[in-house]
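Down below is the structure, laid out as C-alpha cells.
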Amino acid sequence: MDLNGSPVTAADLAPLGLVGFGHFTSMRVETGPAVRGLTLHLDRVIQDCRTVFHTELDPDRVRELLRRALTEVELPVIARVTVFDPAIELGKTGSPADPQVLITTRPATNVAPGPLRLQSAVYARDVPNVKHLGLFGAMHHRAQAQRAGFDDVVFTTPDGTVSEIATSNIAFITPEGTLVWPHADVLAGTTMRLIHQVLDEPVTTERVTLSQLGVFAGAIATNAAVGVRPVASIDDIEWKSDHPLIAAVRGEYEAIPAQRI
C-alpha cells in the first residue's frame, strides 16, 4: 500500500474515512505487469479528477506509481488506484485540490466465479458517470440482497428500468443471440467498453425493465476484476448459464492483449 510512492501511515488514511471525497479505478494486473484496458483505466482517473477536483492528474505519474507499487507483489492482483486530497476538509470540499495517489492491492483468483443470482432494488448512485468513493448506498443494497440469499443487487428506477449491478455492468442476451445493454444512467466500466470494441456487432442499448426480463435468453455481468460472468437470475426470473454467447464474449474479452504498465 503506497501513497505517492511511499509507505502509508494511519494519518494518511484518516481523511478517506472521515471525509471520503475522491474517486478510484480498479484493475486486474497480470504478469508483466500488464493490464487489459490500461489506457481506459488511466483515462477514467484523469477525467474523474477533472470532475471531482477540477484539476489535472498526470497519467504518466499514475502509471509510474502503479508500476512502483507492484515491484514486489506476487501477480495476479487486483490493484486499486484511489485519488484523494488528504488536506481537504469536510466543510470545504470545494477548496483548491492537490490530489494524491494511493495504490492498494489484493490477491486475484484464477478461478472463474459462478453465476450470479441478483435481487432488484430501486436505487441510483450519485453522479453515476464517476467511479467515486460514495459506495454506502450500493453496499447497503448489496448487503440487503445477500442477507436475503442472493449474491448481489441490480439497480432499477422506480418504474422498474434496469441500470447496473452494484459494482458491475449488466447486459442481456436476446432470443436471436445478441447483447443488449440497458439504456440508463450507469458507470460505463472498462470491461464493458472493451467488449464494445471487440465484438463483431453493433453496440445496442435499449430501455430494459423488470417486466421484460422473461423475453431474454440470458444475461452477463462485466467488471475488471472477474471479466465476464453469467447471471443466473434476477428476482424470480431464471436463465441457463451455458448460453453459447457467454463463452464467446468471455473468449473475445480474454483474447484482448494486456498493456504493459
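The values are calculated or read from the model by the stated rules, or taken from the named source; none is laboratory data. Remember, it's a predicted structure, so these values are computed and weren't measured experimentally. FYI the Cβ positions are ideal-geometry reconstructions off the backbone, even for glycines, and counts take in every protein chain you see. Surface accessibility is based on the protein's heavy atoms, side chains included, excluding ligands, DNA and RNA. Shrake-Rupley method; radii C 1.70, N 1.55, O 1.52, S 1.80 Å.
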Per residue, what volume in Å³ does the convex hull of the Cα atoms of region 198-258 enclose? 106
Sequence order, region 68-76: Karplus ³J(HN,Hα) from phi using 6.51 cos²θ - 1.76 cosθ + 1.60, θ = phi - 60°, Hz rounded, Gly and Pro as x, gives 5, 5, 9, 4, 10, 9, 6, 8, x
Tell me the accessible surface of GLU89 in square angstrom (1.4 angstrom probe, heavy atoms of protein chains only), to the nearest ten. 110
Which order do SER168, SER211, SER241 take by accessible area at a 1.4 Å probe, largest first? SER211, SER241, SER168
Quick check: residue separation of ASP60 and SER6 times 0.36 nm, minus the Cα distance between them. What number comes out in nm? 17.7 nm
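I'd like to check one number: the per residue accessible area of the chain, probe 1.4 Å, reported in Å² as a whole number.
Roughly 49 Å² per residue, with all protein chains present.
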Candidate cut points under GluC sites (Glu not before Pro) in region 145-252, DSSP loop plus at most 16 other Cβ atoms within 10 Å of their own Cβ, are GLU176
So, in Å, what gap is there between the alpha-carbon centers of region 164-193 and region 11-35? 24
Which stretch or stretches of region 49-65 have amide N atoms under 13 Å from the point lying 7 Å from MET139's Cα along the Cα→Cβ direction? none
Given 4 °C and 1.567 mPa s, compute D for region 65-160 with the Stokes-Einstein relation, Rh being the Kirkwood radius over Cα pairs; round to the nearest whole µm²/s. 77
Percent carbon-and-sulfur accessible area, region 2-107, ignoring ligands, DNA and RNA, probe 1.4 Å: 51
On the formula 1/(1 + (r/R0)^6), with r taken between the Cβ atoms of ALA14 and LEU75 and R0 of 22 Å, the FRET efficiency rounded to 0.05 is 0.15
Sites excluded, trypsin sites (Lys or Arg not before Pro) in DSSP loops with at most 16 other C-beta within 10 Å, longest stretch of the chain: 93-206
How many times 2.2 N^0.38 Å is the alpha carbon radius of gyration of region 2-107? 1.05
Looks like region 66-109, by Cα gyration tensor root eigenvalues a ≥ b ≥ c and the a/c under 1.5 rounded cutoff (else prolate when a/b is bigger than b/c, oblate otherwise), is prolate
Solvent exposure, largest accessible area first (probe 1.4 Å, DNA, RNA and ligands not counted), of THR51, THR191, THR71: THR71, THR51, THR191
Evaluate 2.2 N^0.38 Å with N set to the residue count of region 27-86, then give the Cα radius of gyration divided by it. 1.15
Largest-first principal axis extents, alpha carbons of the chain, Å: 51, 41, 33
Cα-centred dipole magnitude for the chain, charges only on beta-carbon of K, R (+1) and D, E (-1), debye, nearest 20: 320
Pop a pseudo-label 7 angstrom from the Cα along the beta-carbon direction at both ILE46 and ALA148 and give the gap in nm to one decimal. 4.2
Whole-angstrom Cα spans of region 121-194 along principal axes, big to small: 36, 28, 24
Principal axis extents for region 116-260, Cα atoms only, whole Å, descending order, please. 37, 35, 25
